[in-house]
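The values are calculated or read from the model by the stated rules, or taken from the named source; none is laboratory data. A quick note: this is a predicted structure, and the numbers were derived from the prediction, not measured. Quick reminder, even Gly has a Cβ in these numbers, built from the backbone with ideal geometry, and neighbours come from all protein chains shown. In case anyone asks, the SASA skips ligands and DNA or RNA and just uses the protein heavy atoms, side chains included. Shrake-Rupley method; radii C 1.70, N 1.55, O 1.52, S 1.80 Å.
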Amino acid sequence: MGTPSDKLRARVDGTVDRLAVVLGDQLDRESPALADLDPSRDAVLMMEVAEEATHVPSHKQRTALFLSAMRHFALELLDDGYRVRYIKLDEPRNTGTLAGEVDRAVSILTPAHVTLVQPGEHRVLAAIRRWAKRASVDCTIQQDTHFLTPLDQFAEWAEGRKQLVMEYFYREQRRRLDILMTKQGKPRGERWNYDKENREAFGEDPRPPKPMRFSPDRITQEVIQLVDRQFPSAYGSVEDFGWPVTRRDAARALKDFLAKRLAHFGPHQDAMWTDQPFLYHSLISPVLNLKLLDPQAAVAGAIEAFEAGDAPIQSVEGFVRQVIGWREFIRGVYWTEGAEYGERNTLQQFGSLPDFYWTGETDMHCLTQSLGQVVRHGYGHHIQRLMVTGNFALIAGIHPRAISEWYLAMYVDAVDWVTLPNTLGMVMHADGGVVGTKPYAASGRYIQRMSNYCESCRFNPGKRTGEDACPFTTFYWDLLIRN
């Protein structure tokens, strides 16, 4: 008996007028690539290729998430009458590259036109452009309408500014989109942000509601087995896979966060606690970045909770800032700064990434916790990324490209447009201050204040020298001396 995804083995017969290429992080039913497709004359191309799991050593859960979400999306298109040419990872003639599979599909289907939405990575965009330049068919690359800020609009905002400060961008977003604003044009609550209130540590063991997790269905189980076969030496565990892989489950995950955790998200969004990887965070960044969830729906749901009195302004504003402010700002920086952005190294750091980043095995308890959950879940919240795994890389002098590629490889929500500016810019301050106004460097005292990690660690965050000196504290002072 076949599996549900066996339907994807069916091939599109004959020639087509238009071929719409849908990439793995573009699973948007409102995508411009799908607009006005005629199922009787046009077709959709989706491809699983090894290149996308090996150009950085992708975490097993990251690869499984992409492939499962792609297969579910393709089946949804088939059920709605679209003709889909779907190339599975283990098919004998699979070329292993996006450009190779587009080329093969064009040679078979001979379309008059190829269309796709702009990829989320300079590397992929360059490969498609190289293919289009030598191809015998017209190719149109369309703007990604999933985002709230068109790239030309961001470029216009950025032009002439000495520094791209996210706070200014965020305030303009609030005004332009009329989000959490009064009729008089002022921010709800008379304040633009609640950062001071949103930096509370836990005074005692927190007991947040467990987030909704999703048991792998037959398609996801099949994909997990495939990933284990095809990439046996890949990093990370896939045993605890529980991510939403469909639009329906993405909506359920959002609803679960809004109902159970949003109210407490704001005050404790920067806090950390041993053996609590999720706390009050939303866990929706993977489905946002795969385009299974509309950012406008996420924002609207949070505002609805505020209007109903189910969540305070500080939590709702903090969440809204992440979606319409930081997420859109980071994408704008990625494309405005260009493909060379990833080569910057303003602080001239050239150290190698320690092996424990891939295993989570180290005597530093904060890193054991923060890295261990990445190995297990492919996830860490923003302060673990910025002030633990990222802070260590910064103060220890790691090469910014090495840590940037680690973030792209190991987190399930990772796409280059979001990980590179966050890591190279904000974490490593390697862009000279484009993303952050200052390096986010801190000693072990910060981790002690915002978590209980230090209570179970053999190192003392208050000591700079000696056998029990905290490496974070030692390296923090070393960074200041070096610079």
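Of note:
- Segment 341-352: number of residues that are at negative phi, open to solvent by 30 Å² or more (accessible area, probe 1.4 Å), of a type outside the set (Val, Ile, Thr) and in a loop (DSSP other than H, G, I, E, B): 4
- Taken over segment 262-312, the criterion of being surrounded by fewer than 18 Cβ atoms within 10 Å (Cβ to Cβ), acidic (Asp, Glu) and not in a helix (DSSP H, G or I) is satisfied by ASP275, ASP310.
Listed here are the residues, each with its yes/no results for (1) touching a helix residue (DSSP H, G or I) at 6+ places or on another chain (Cβ under 7 Å); (2) over 30 Å from SER285 (Cβ atoms); (3) among the hydroxyl-bearing types (Ser, Thr, Tyr).
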{"site": "THR3", "(1), (2), (3)": "yes, no, yes"}
{"site": "ARG9", "(1), (2), (3)": "no, yes, no"}
{"site": "THR15", "(1), (2), (3)": "yes, yes, yes"}
{"site": "LEU19", "(1), (2), (3)": "yes, yes, no"}
{"site": "ALA35", "(1), (2), (3)": "no, no, no"}
{"site": "ASP42", "(1), (2), (3)": "no, yes, no"}
{"site": "LEU45", "(1), (2), (3)": "yes, no, no"}
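- Test: THR437 is of a type in the set (Ser, Thr, Tyr) and at pLDDT below 95: yes
- Residues that are closer than 23 Å to ALA414 by Cα, touching a His at 6+ places or on another chain (Cβ under 6 Å) and not basic (Lys, Arg) do occur in segment 323-343.
- Residues satisfying the stated conditions in segment 209-220, i.e. part of a loop (DSSP other than H, G, I, E, B) and among the charged types (D, E, K, R): LYS210, ARG213, ASP217
- Close contacts from segment 388-404, counting a first residue that is closer than 10 Å to LEU353 by Cα and a second that is among the acidic types (Asp, Glu) and not in a helix (DSSP H, G or I), with Cβ to Cβ under 9 Å and a gap of 6+ residues or different chains, come to PRO400/ASP431.
- Residue count for segment 354-402, restricted to those that are crowded, with 21+ Cβ neighbours inside 10 Å and closer than 18 Å to GLY236 by Cα: 14.
- Tally of residues being open to solvent by 30 Å² or more (accessible area, probe 1.4 Å) and more than 28 Å from the chain's Cα centre (by Cα) across segment 99-134: 9
- Selection of segment 425-458 for residues being hydrophobic (A, V, I, L, M, F, W, C) and closer than 24 Å to ALA402 by Cβ yields MET426, VAL427, MET428, ALA430, VAL434, VAL435, ALA441, ALA442, ILE447.
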